[in-house]
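Engineer: Structure incoming, see below.
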Amino acid sequence: MLLHGEGFLHWPMLVGKLQGAQVARSSLEEGVPVPRLQKTPHAGHRPESYEDMEDLEYPATLYSVMEQHLPSHCLGASREKKLAMLERILAKYRPNGERAKKHREYRERIRHNYQPLHEDLYTLDPERFFVGSFLDAIKDGSEAAIRHILIEHSPGVFTFNMLKPAFCSMMLEEVEHFERWAQDAKVKVMRPNTMNNYGAVLDDIGMEEMLNLLMTSYLNPMAAVLFLNVGGTSLDTHHGFVVQYAMDRDLDLGFHVDDSEVTLNVCLGKQFEGGDLFFRGVRCDKHVNGEARPEEVLEYSHVPGHAILHAGRHRHGAKAITSGQRTNLILWCRSSEFRELKKYQRDFSSWCGECLLRKKERSRRLSSAKRQLAS
Ligand SMILES: O=C(O)CCC(=O)C(=O)O
Ligand SMILES: [Fe+2]
């Protein structure tokens, strides 16, 4: 079974096409159908040998083993065609290609030339970063202590006080400092995802380790309690960035779902009006465009230093700011285990609002049919 492991290219994107929203997608597979490997190998199929092929990126035996997991309709294709299919599948798991090369070069350039303003931000210092209530809850680690600091505004949307004002100010200054450096050095800043024209990827500027520790040591205990059904117990990679809104920049963010299992969104400031987040319930791919139920409709006003935690599949967007400037730190946390298992599932009623509704409806109809038969 292939897992999203080391070297998998987590390209920034917002997934899903929602009504009235911008379409943002990854170009990894654009126009090229990539077959999905089957869980069980075709026992009776004798795979090709790829030993004599030149320029294979991986050991030839890997291709033979993978071939046995191709969908049946692909097995009769020529050896070259099958190899091309297998390479496309593998390409999803390795950071090669033009875009990834550019990304690597971009990171290298920053690493060698960018002088951080606040070195302190690059190593996680819990006492300096976090407010006491958050630290205490994580140190305690019990479900009761974690729930004690949370407000659940609507099912699955939690907020809590998290970052100290001094940390927020330093982070804002660091991002501004980076933008100035990039402008002077004529480096084109790679934006966090296809829906943002401003902001920067914090992982790219050297904060990857710090943010990873933030996820593994501070968010995982919360996610394990709050997002059990959407991979919250197995978060293993992240995409960390800041989004920026100002009157002469982006004002809002369209309705979307994140490329994450669990998202942390913390407001850093500065001063602004408007810019509320809106939520419309958690949905699987199939039901992503469906209506929201009244109890799923939520609007939330950002508070500097306060964090929002929600499932990546929780449909949301940000309304336009009406004055000032807003910058938020976002951490998209992912679980390769959850993503792999999801490929083999069709019923997501443990987290998709619409799947659950349909399941309840089916069981209601079944019970009433049984009652009628018995009478
Ligand atoms: O602007 C915000 O607070 C939301 C940002 C967001 O949803 C995202 O970047 O995925
Ligand atoms: Fe989002």
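Engineer: According to a simple spin-label model (label point 7 Å from Cα along Cα-to-Cβ), what is the distance in nm between LYS186 and SER367?
Structural biologist: Output for this residue pair reads 7.1 nm.
Engineer: Here's another thing I want to ask about it. Using a cut-off of 16 Å between alpha-carbon atoms, which lysines can reach LYS102, once sequence neighbours fewer than 8 places away in the same chain are excluded?
Structural biologist: Cα-Cα hits under 16 Å: LYS186, LYS188.
Engineer: If I model a spin label at SER301 and LYS102 as a point 7 Å from the Cα along the Cα→Cβ vector, what separation in nanometres do I get?
Structural biologist: Once both label points are built, they end up 4.1 nm from each other.
Engineer: For the range 141-199, what mean projected area does the convex hull of the alpha carbons give, in nm²?
Structural biologist: 6.6
Engineer: Calculate, in nm to one decimal, what HIS73 and GLU143 gain on full extension: separation in residues at 0.36 nm each, minus their alpha carbon distance.
Structural biologist: Stretched fully, the HIS73-GLU143 segment lengthens by 20.3 nm.
Engineer: Let me check I've understood the local charge: for LYS359, count other residues with C-beta under 12 angstrom from its C-beta, Lys and Arg +1, Asp and Glu -1. What total comes out?
Structural biologist: +3
Engineer: For an R0 of 22 angstrom, estimate the FRET efficiency from the Cβ-Cβ distance between LYS286 and HIS153 and round to the nearest 0.05.
Structural biologist: About 0.25, to the nearest 0.05.
Engineer: Name the cysteines of the chain that stand alone by the Cβ rule: no other cysteine Cβ under 4.7 angstrom.
Structural biologist: Taking the Cβ cut-off of 4.7 Å, the unpaired cysteines of the chain are CYS74, CYS168, CYS267, CYS333.
Engineer: If you stretched the chain out fully between GLU179 and ARG358, how much longer would it get, using 0.36 nm times the residue separation minus the C-alpha to C-alpha distance?
Structural biologist: Residue separation times 0.36 nm, minus the Cα-Cα distance, leaves 59.6 nm.
Engineer: Using the basic label-point model (7 angstrom from Cα toward the beta carbon), what is the GLU209 to ARG128 distance in nanometres?
Structural biologist: It works out to 1.5 nm between the two label points.
Engineer: Length gain on complete extension for the stretch GLU80 to LEU251, per 0.36 nm per residue less the alpha carbon to alpha carbon distance?
Structural biologist: 56.7 nm
Engineer: While we're here: Sorted from largest down, what three extents in whole angstroms do the Cα atoms of the chain have along their principal axes?
Structural biologist: Sorted largest first, the three principal extents are 72, 64, 42 Å.
Throughout, read-outs are computed from the coordinates displayed, never taken from laboratory work. The structure displayed is predicted, hence computed values, not measured ones. Glycine also receives a Cβ, built like all others from the backbone with ideal geometry; neighbour counts cover every protein chain displayed.
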